[in-house]
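In what follows, a structure is listed as structure tokens, so that the remarks can point back to it.
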């Protein structure tokens, strides 16, 4: 009986709240202004600083040819094999510079190195935004042990809200079904507070930032 009475009281309170409109207690709150201080450095410098803080590996490239050469050096120095890429434009560019890529992995979960483009780079967070609308899809940023991102300076934005605003413009308000913001390599300390890299995704992540012409 007590339980029923308590329940009825709760429902009555809810009904009354829906019927009796309550005025907004703080009508003049500014929800549009940024809560952050202005960036002290340029977008590329800020991104590089924040990205390296979260164990990301940043490489600046003067142009696409420079990017291809630095990527080739990275692959050779680290003896990376089975480099996987399905971004057609990127494949054509790298093929011109003699970089051999794989695009037909039969066991996707065993791919060691994945190269993708991205949607935007969020400077303040040192984060990479990707989406399911990219040719790389939902998997190439998750399964490989090493994720290499090729980005351009025109893709740099100050904050996350700017990235979402640009995403709406890019896809004409048809938002991708999956949007992911990557901040450094995958890590966890859930087990005995021991930091483990690559727990839910790549152990290493590189960003090759190309200066746009």
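The values are calculated or read from the model by the stated rules, or taken from the named source; none is laboratory data. It should be emphasised that the depicted structure is a prediction, and the values quoted were computed from it without experimental measurement. Heads up, the Cβs are rebuilt from the backbone with ideal geometry, glycines too, and the neighbour counts pull from every protein chain shown.
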Which of the residues spanning segment 67-77 are surrounded by 12 or more Cβ atoms within 10 Å (Cβ to Cβ) and free of Cβ contacts under 8 Å to residues at least 40 places away in the same chain?
68, 69, 72, 75
Among the residues of segment 35-57 satisfying the criterion of being touching a strand residue (DSSP E or B) at 6+ places or on another chain (Cβ under 6 Å) and over 23 Å from residue 161 (Cβ atoms), which is surrounded by the most Cβ atoms within 10 Å (Cβ to Cβ)?
57
Answer yes if at least one residue in segment 142-150 is buried (at least 19 other Cβ atoms within 10 Å of the Cβ), under 30 Å from residue 34 (Cα atoms), out of contact with any helix residue (DSSP H, G or I) (no Cβ under 8 Å at 6 or more places or on another chain) and modelled with pLDDT under 95, and no otherwise.
no
Inspect all residues belonging to segment 30-43 and state whether any of them is closer than 30 Å to residue 120 by Cα, in contact (Cβ under 8 Å) with a residue 24 or more places away in the chain, out of contact with any helix residue (DSSP H, G or I) (no Cβ under 6 Å at 6 or more places or on another chain) and in a helix (DSSP H, G or I).
yes
